[in-house]
Amino acid sequence: MFFWLREMAGWALIAVSLYIIRTSFRFVDQRQIFEAGTILFAALLVMRCGTVLIRLNTVARIALQMENAGDGGGKRIP
């Protein structure tokens, strides 16, 4: 169940970042370029956090499936 929670949080962060990007375009329409650049930078950071959460969730799910299958993650060094 924790996997779904982490993935939903990642997608929520991406949705929030898209809303922030939309806000920065409003600043561009009003010719406030520096404010738009600052907000766009913040939006890109939020989007990066969302994609990191989604990637970590995918890796954790794959690792759990491999562990349940008995693979153990590849060759073991003696």
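The values are calculated or read from the model by the stated rules, or taken from the named source; none is laboratory data. Since the model is a prediction, treat every value here as computed from it, not as a measurement. Neighbour counts are summed over all protein chains in view; Cβ atoms, including those assigned to glycine, are modelled from backbone coordinates with ideal geometry.
Taking region 25-68 as the search range and keeping residues that are of a type in the set (D, E, K, R) and closer than 19 Å to residue 10 by Cα, which one is modelled with the lowest pLDDT? Talk me through it step by step, then tell me what you get.
Filtering region 25-68 for residues of a type in the set (D, E, K, R) gives 26, 29, 31, 35, 48, 55, 61, 67.
If we keep only those that are closer than 19 Å to residue 10 by Cα as well, we get 48, 55, 61.
Working: 48: 97, 55: 94, 61: 88.
Applying the filter and picking the extreme gives 61.
Give region 24-34 a look and list any residue that's in a helix (DSSP H, G or I) and surrounded by fewer than 14 Cβ atoms within 10 Å (Cβ to Cβ), or say none.
If the condition is that a residue be in a helix (DSSP H, G or I) and surrounded by fewer than 14 Cβ atoms within 10 Å (Cβ to Cβ), then 25, 26, 29, 33, 34 are the ones that fit.
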